[in-house]
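> Could you have a look at this structure, given as C-alpha cells, before my questions?
The values are calculated or read from the model by the stated rules, or taken from the named source; none is laboratory data. Computed from a predicted model, the values in this text were never measured in an experiment. Cβ atoms come from the backbone with ideal geometry, glycine included; neighbour counts cover every protein chain shown. Surface accessibility is based on the protein's heavy atoms, side chains included, excluding ligands, DNA and RNA. Shrake-Rupley method; radii C 1.70, N 1.55, O 1.52, S 1.80 Å.
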Amino acid sequence: MAESMTFTNPEGEQSYFFFAKYGDALTDMADVVYSSIKSKFVIAKDMLIVHRQESSLFGLDRSDEMSIEYVPHTLTLNDTLILEMFWEMIAFHQLAISLGGDPPKYPDLSGLCDRSIP
C-alpha cells in the first residue's frame, strides 16, 4: 500500500511526501518506506506572440508589428499530475539507490511539458 501527497508549507515551499508499507503475512513483518522532498519552484508565464501585418494601396503602404505579452499561467489538473509523477519518480529513484540497486532512468517528460502542441 502506498500514499503520496503534494502540498505547500507555510514558508511557501512545495513539498512532496510518499509513504509505502508492505506487509509479509508469512513472517508477520512489515517494511515501511517514506520519502519527503522539499523544493521551491515557480511556474513560468505563458507567452502570447501576436504578429500583425497591414497593407493598403495595393501593397505600397505596408506595416509589420510583432508584440509579446506574458500571461500568468494557471495550474491545470494535468500540470498537477505531471508534478506528482515527477516527485514520485524521484522518490522511487532514491529508494532504489538506498536498497543498493541500480536506479531506474528518469523517463523523458518533455512531450508532457511542451505547450506548443495543441
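> If you take the residues of the range 24-52 that are without any contact (Cβ under 8 Å) to a residue 12 or more places away in the chain and more than 19 Å from Asp79 (Cβ to Cβ), which of them is most open to solvent (accessible area, probe 1.4 Å)?
Leu26
> For a quick check of your reading: which strands (runs of 3 or more DSSP E) sit entirely within the range 1-103 and have at least 1 residues that are under 16 Å from the mean Cα position of the chain (by Cα) and not hydroxyl-bearing (Ser, Thr, Tyr)?
2-8, 14-24, 29-39, 46-56
> (1) closer than 22 Å to Glu13 by Cα; (2) surrounded by 11 or more Cβ atoms within 10 Å (Cβ to Cβ); (3) hydrophobic (A, V, I, L, M, F, W, C): which one isn't true of Ala96, the others all being true?
(1)
> If you take the residues in the range 1-23 that are among the small types (Gly, Ala, Ser) and free of Cβ contacts under 8 Å to residues at least 40 places away in the same chain, which one is nearest to Leu77 (Cα to Cα)?
The selected residue is Ser15.
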